[in-house]
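J.: Below you'll find the structure I mean.
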């Protein structure tokens, strides 16, 4: 009996050790570190767990980062690239893999779900440009050694409500017009309010800006593509993609969007391009 209990205990310890080893091997790769922060920043994992990040907190591959309405946050990735998030932004690090000795394994796949950001290319993007992809609701952005700004402007709640009311009015008018001799104009009602031109407003406070993806290339070159077409944008150019079913277009000037993080963000780590990101020593709070 004692021998049986001893064997059972040994098996239990071996199983526990295997589970610990498996857990360590399944842990997500550290993609980068928070190096600048002006307010609350959350990291949400695929299983629903949420961490509150602070300065020097690690960001892992698979994390979805969410900034609050007054928060700017800069993440320095392990290849020395940088992503700075605007307030009220949702940004997912879908897959990030970088090893200086294994360029064939490079992978940088991001998803701008909501809000805006500034991206500065690192070592991965310089040696394997084709391995970088920034997804957005209307297009995917590729790079060629680049610093660029991207912002997704969502349709306003008022515009959505007006479109819904217009569709309802069209349905009511169509029903009432059955059997009548006068023509109905369903298309005018179904379309809702006239779309806003991306250049109709000189600034965010001056009026509405058309919903869609906006890009501004500060340095280098980017490619913006969707099923409707692909356009390259050079340094100094602005672009706009109104929807997934419409091609990107080059804008003649700034449509009025701005990117203004605190001054310390602009001089944070760019002066030390070869420095490794600091190891996290912050205690993160995990909420499930």
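The values are calculated or read from the model by the stated rules, or taken from the named source; none is laboratory data. Because the structure is predicted, anything quoted here is derived from the model rather than measured. A quick note on method: Cβ atoms are made from the backbone with ideal geometry, for glycine too, and the neighbour counts reach across all protein chains shown.
J.: When both residues are 6+ apart or on different chains and their Cβ atoms are under 6 Å apart, which pairs have a first residue that lies in region 97-126 and is assigned by TED's automatic domain parsing to the domain that holds residue 62 and touching a residue at least 40 places away in the same chain (Cβ under 8 Å), and a second that is surrounded by fewer than 17 Cβ atoms within 10 Å (Cβ to Cβ) and not in a strand (DSSP E or B)?
T.: If the second residue must be surrounded by fewer than 17 Cβ atoms within 10 Å (Cβ to Cβ) and not in a strand (DSSP E or B), the pairs left are 97/105; 115/88; 118/259; 121/145.
J.: Let me ask something additional. If residue 271 meets every condition in (1) part of a loop (DSSP other than H, G, I, E, B); (2) at pLDDT 90 or above apart from one, which number is that one?
T.: Among (1) part of a loop (DSSP other than H, G, I, E, B); (2) at pLDDT 90 or above, the lone unmet condition for residue 271 is (2).
J.: Among (1) crowded, with 22+ Cβ neighbours inside 10 Å; (2) part of a helix (DSSP H, G or I), which single condition is residue 117 missing?
T.: Only one criterion is unmet by residue 117, namely (2).
J.: Now for a different question. Would you tally the residues in region 1-58 being modelled with pLDDT under 85 and not in a loop (DSSP other than H, G, I, E, B)?
T.: Matching residues across region 1-58 total 25.
J.: Anything in region 226-262 that is crowded, with 18+ Cβ neighbours inside 10 Å and under 16 Å from the mean Cα position of the chain (by Cα)? List them, or say none.
T.: The answer is 241, and nothing else.
J.: Could I ask something else about it? Every residue in region 59-74 that is in a loop (DSSP other than H, G, I, E, B) and surrounded by fewer than 22 Cβ atoms within 10 Å (Cβ to Cβ), please.
T.: First, the residues of region 59-74 that are in a loop (DSSP other than H, G, I, E, B): 61-63, 68-72.
61, 62, 68, 69, 70, 71, listed by residue number.
J.: Ok, one more. Can you give me the number of residues within region 237-249 that are touching a strand residue (DSSP E or B) at 6+ places or on another chain (Cβ under 6 Å) and either free of Cβ contacts under 8 Å to residues at least 24 places away in the same chain or not in a loop (DSSP other than H, G, I, E, B) (or both)?
T.: Filtering region 237-249 down to residues touching a strand residue (DSSP E or B) at 6+ places or on another chain (Cβ under 6 Å) leaves 237-242, 244, 247-249.
With the extra rule that they be either free of Cβ contacts under 8 Å to residues at least 24 places away in the same chain or not in a loop (DSSP other than H, G, I, E, B) (or both), the set shrinks to 237-241, 247, 249.
The qualifying residues number 7.
J.: Any idea which residue in region 211-235 is nearest to residue 142 (Cα to Cα), counting only those that are touching a strand residue (DSSP E or B) at 6+ places or on another chain (Cβ under 7 Å) and not in a strand (DSSP E or B)?
T.: Of region 211-235, the ones touching a strand residue (DSSP E or B) at 6+ places or on another chain (Cβ under 7 Å) are 211-226, 230-235.
If we keep only those that are not in a strand (DSSP E or B) as well, we get 211, 220, 235.
Details: 211: 21, 220: 11, 235: 14 Å.
Once the filter is applied, the top-ranked residue is 220.
J.: Just give me the residues in region 208-222 being farther than 17 Å from residue 116 by Cβ and either crowded, with 18+ Cβ neighbours inside 10 Å or outside the structural domain of residue 122 (by TED's automatic domain parsing) (or both), in sequence order. First the steps, then the outcome.
T.: Here is the first cut: in region 208-222, the ones farther than 17 Å from residue 116 by Cβ are 219-221.
Listed by number, the list holds a single entry, 220.
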